[in-house]
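Here's the structure we're looking at; comments come further down.
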Amino acid sequence: MSTKRKDDLFWIKEALQEALKSGNDVPIGAVIVCDGKIIGRGYNKREQECDISAHAEIIAIKQAEKTINNWRLTDAIIYTTLEPCPMCAEAIIQSRLAKVIFGAYDPINGAAGSSINLFDKNRKCYIPEIIGGINEIDCKKILVEFFSKRR
C-alpha cells in the first residue's frame, strides 16, 4: 500500500470517529486536512440542530473556513465516510477543496457518480479530484447497523 493510501486510510478513520458522534442522526463524519493537520471536523447534526443543512461535510467546511480565515480551501482535502450528496458536493466545489476522498458509495443520493455526478469534468467550474471506496466496508457497516436498529 502506498504512503498516500495509508494516509487516506488514516484520515478516513478519523472521519469515522466523527460519524460515531452523530447520535440520533445518520452516522456520517467528515474531516478536512491541510498540511497534515485537521482544520475542520463535522458529523451529521440535522436532528440535533433541526437544520437540513447540518451535514457532516458542511459543518467541516464551515469550521475549516474559520480555522484558516478563508472560504477558499484550495490546499485542503475532505475525507468523508459517505459519498457527498448534491448539496454537499456543490459546497465542496464552491469552497475549492483540492480533493474529495470518501468511504461508502451512495447509490440513492451520491453526487460523485453513483446517482448523479456534480463533479463532472465538463462543468465550467473548478472540480476537485475524487477518490471513492476508501475503507468502504467500515464506512458502510456503521450505516447498515444504524438503519437496521431504526427499522
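Which of the three applies to the chain, rounded, prolate or oblate, going by the alpha-carbon gyration tensor with a ≥ b ≥ c and a/c under 1.5 meaning rounded? Don't skip to the end; give the middle numbers.
Details: a/c = 1.29, a/b = 1.26, b/c = 1.02.
Because its axes are fairly even, with a/c under 1.5, the chain counts as rounded.
With a 1.4 Å probe and every protein chain left in place, work out the accessible area per residue of the chain in Å², rounded to a whole number. Spell out each step's value before the answer.
On the way: 8130 Å² over 151 residues.
Ligands and nucleic acids excluded, the figure is 54 Å² per residue.
For the chain, what is the mean residue ellipticity at 222 nm derived from helices alone (per DSSP H run of n ≥ 4: -39500 (n - 2.57); sum divided by total residues; nearest 500 deg cm²/dmol)? Value at 222 nm, helices only: -12000 deg cm²/dmol. Rounded to a whole number, what % of the accessible area of the chain do carbon and sulfur atoms account for, probe 1.4 Å? The value for the chain is 51 percent carbon and sulfur by accessible area.
The distance from the alpha carbon centre of segment 107-151 to that of segment 68-88 is 13 Å, rounded to a whole number.
Calculate how many DSSP beta bridges within the chain are antiparallel, expressed in % of all such bridges and rounded to the nearest 5. The partial results should precede the final answer.
On the way: 11 of 19 bridges.
Bridges in the chain are about 60 percent antiparallel.
With the cut-off at 26 Å, tell me which of the pairs 66/149; 21/121; 62/124; 99/149; 21/62 have Cα atoms farther apart than that. In this structure, 66/149; 21/121; 99/149 exceed 26 Å between Cα atoms.
The values are calculated or read from the model by the stated rules, or taken from the named source; none is laboratory data. On a predicted model such as this, the values are computed, not experimentally measured, just so you know. Accessible surface is based on the protein model in full, side chains and every heavy atom, while ligands, DNA and RNA are left aside. Shrake-Rupley method; radii C 1.70, N 1.55, O 1.52, S 1.80 Å.
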